[in-house]
Amino acid sequence: MNKMNGQVEVSICYGTLCFVMGGSEFEIIQDQLPQNIRHLVHVKGMNCPGYCNKQENGKPPFVTINGKLMGEANLQKVISAITEELTNGTYK
Ligand code: FES
């Protein structure tokens, strides 16, 4: 968990590649989070940080959860990573 404010920080890439590869679905992520954890999650957008330029990062769309990179992200994967992070901070 982010020690600064006790929230899990989720950063969503709104770069063109991530957006067209499915990142657009994250626009509604705050509403999709289970009610009981919604206040524990801080979602923000970011411009392309360049993850898409390195093959070893996997495929877009990219999201970071407390700074940990997730490729081929989708709502279900992100929500389960957030839950994992809130539970024991072990999402890798
Ligand atoms: S467009 Fe998302 S990392 Fe480049």
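What follows is calculated from the coordinates using simple rules that are stated; it is not laboratory data. Predicted model, so just to flag it, every value in this text is computed and none were measured. Using ideal geometry, Cβ is built from the backbone for each residue, glycine included, and neighbour counts are taken over all protein chains shown.
Quote the relative contact order of the range 8-88 in percent (integer), defining contacts as alpha-carbon pairs under 8 Å separated by 6+ residues. Before the final figure, lay out each step's value.
Details: 122 pairs, mean separation 31.8, N = 81.
This gives 39 percent for the range 8-88.
Rounded to the nearest 500, what is the 222 nm mean residue ellipticity of the chain from helices alone, with -39500 (n - 2.57) per DSSP H run of 4+ residues and division by all residues? Walk me through the numbers on the way to the answer.
Details: 3 runs with 23 residues, N = 92.
So the calculated ellipticity at 222 nm is -6500 deg cm²/dmol.
Out of 43, 79, 66, whose Cα points farthest toward the positive end of the dipole of the chain (charges: +1 Lys, Arg; -1 Asp, Glu; placed on Cβ)?
Farthest towards the positive pole: 66.
Could you work out how far apart the two model spin labels at residue 7 and residue 47 are, taking each label as a point 7 Å from the Cα in the direction of the beta carbon, and quote it in nm?
2.3 nm
Specify the angular offset, from 0 to 90 degrees and rounded to the nearest 10, of the alpha carbon long axis of helix 75-88 from the longest principal axis of the alpha carbons in the chain.
40 degrees
Which percentage, to the nearest 5, of the DSSP beta bridges contained in the range 8-88 is antiparallel? Can you show the working numbers first?
Numbers: 6 of 12 bridges.
In the range 8-88, approximately 50 percent of DSSP beta bridges are antiparallel ones.
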